[in-house]
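Below is one structure, written out as structure tokens; the observations come after it.
The values are calculated or read from the model by the stated rules, or taken from the named source; none is laboratory data. Model, not experiment: these values are computed from the prediction. Neighbour counts run over all protein chains shown; Cβ positions are idealised from the backbone, glycine included.
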Amino acid sequence: MGTWDIGPFDNDTAADFSYRVDEAPAEKRAEVLRGAFREVNDTGGEYLDADLAVEAIASAALLPAQCPGGEPVTTSYGPKEPLPVLPAALRPEAVAALDRVLTEPSELLELWEESDGEEWKAGVRGLRAVLAGA
């Protein structure tokens with residue numbers, strides 16, 4: 001995974017995922033996000049692959065723009081197409097996915113703990129806080 005910063009779209013996998021979101025018809029975009037959350041949430045206590053975790057974080061980052069106090073994704077690596085109004089039911093799924101990403105065994109968590117893990121974890125927790133409070 002090519003990573004250049006700690007943001008939700010600051011890596012190759014998330015940037016590629018944004019294209020998948022853009023390519024989906026507007027009425028299917030919520031399902032693309034839900035699919036990313038489910039893949040992570042369905043791992044249970046099994047080892048969580050970094051790419052799945054990255055896609056779940058990117059998906060979760062798209063929700064705050066539609067939450068009180070949330071901000072839109074402004075990076076050029078995020079989706080270019082506007083998102084429709086997303087179901088509020090995605091928020092708890094996103095929170096659960098973010099919790100799972102930050103719980104062992106998680107490859108992405110392990111990778112970040114080898115470098116600047118605290119700043120990255122703070123960013124994921126901040127995203128989670130917006131979604132949990134919405």
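Of all residues being of a type in the set (A, V, I, L, M, F, W, C) and surrounded by 21 or more Cβ atoms within 10 Å (Cβ to Cβ) in the stretch 10-29, which is farthest from residue 108 (Cα to Cα)? Just the residue, please.
Residues of the stretch 10-29 that are of a type in the set (A, V, I, L, M, F, W, C), as a first pass: 14-15, 17, 21, 24, 26.
Those still in the list that are surrounded by 21 or more Cβ atoms within 10 Å (Cβ to Cβ) too: 14, 17, 21.
Values: 14: 13, 17: 16, 21: 21 Å.
Applying the filter and picking the extreme gives 21.
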Exclusive hit being touching a residue at least 24 places away in the same chain (Cβ under 8 Å) and over 26 Å from residue 119 (Cα atoms), set 64, 87, 25: 87
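Just to be sure, is residue 10 of a type in the set (Asp, Glu), in contact (Cβ under 8 Å) with a residue 12 or more places away in the chain and closer than 22 Å to residue 132 by Cβ?
Details: of a type in the set (Asp, Glu): yes; in contact (Cβ under 8 Å) with a residue 12 or more places away in the chain: yes; closer than 22 Å to residue 132 by Cβ: no.
Taking the combined requirement at face value, the residue does not satisfy it.
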Unmet criterion (only one of (1) assigned to a helix (DSSP H, G or I); (2) farther than 14 Å from residue 54 by Cβ; (3) among the acidic types (Asp, Glu)) for residue 110: (2)
Residue among 92, 82 that is over 12 Å from the mean Cα position of the chain (by Cα), more than 18 Å from residue 12 (Cα to Cα), modelled with pLDDT under 95 and not in a strand (DSSP E or B): 82
Condition broken by residue 73, with the remaining ones in (1) of a type outside the set (Gly, Ala, Ser); (2) at pLDDT 95 or above; (3) crowded, with 16+ Cβ neighbours inside 10 Å; (4) closer than 18 Å to residue 123 by Cα satisfied: (2)
The one condition in (1) within 13 Å of the chain's Cα centre (by Cα); (2) over 15 Å from residue 132 (Cα atoms) that residue 98 fails to fulfil: (2)
Residue tally, condition over 16 Å from the mean Cα position of the chain (by Cα) and of a type in the set (S, T, N, Q), over the stretch 101-134: 1
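Just give me the residues in the stretch 1-55 being of a type in the set (D, E, K, R) and under 12 Å from residue 94 (Cα atoms), in sequence order. Steps first, answer last, please.
Going through the stretch 1-55, the residues of a type in the set (D, E, K, R) turn out to be 5, 10, 12, 16, 20, 22-23, 27-29, 31, 34, 38-39, 42, 46, 49, 51, 55.
Passing the criteria: 34, 38, 39, 55.
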Matching residues in the stretch 63-79 - criterion: being over 17 Å from residue 8 (Cα atoms) and of a type in the set (Gly, Ala, Ser): 69
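When you scan the stretch 52-65, do you find a residue that is surrounded by fewer than 20 Cβ atoms within 10 Å (Cβ to Cβ) and acidic (Asp, Glu), even just one? I'd like the intermediate steps shown before the answer.
First pass over the stretch 52-65, keeping only residues surrounded by fewer than 20 Cβ atoms within 10 Å (Cβ to Cβ): 65.
Still in the list and also acidic (Asp, Glu): none.
Looking for residues that are surrounded by fewer than 20 Cβ atoms within 10 Å (Cβ to Cβ) and acidic (Asp, Glu), one finds none in the stretch 52-65, hence no.
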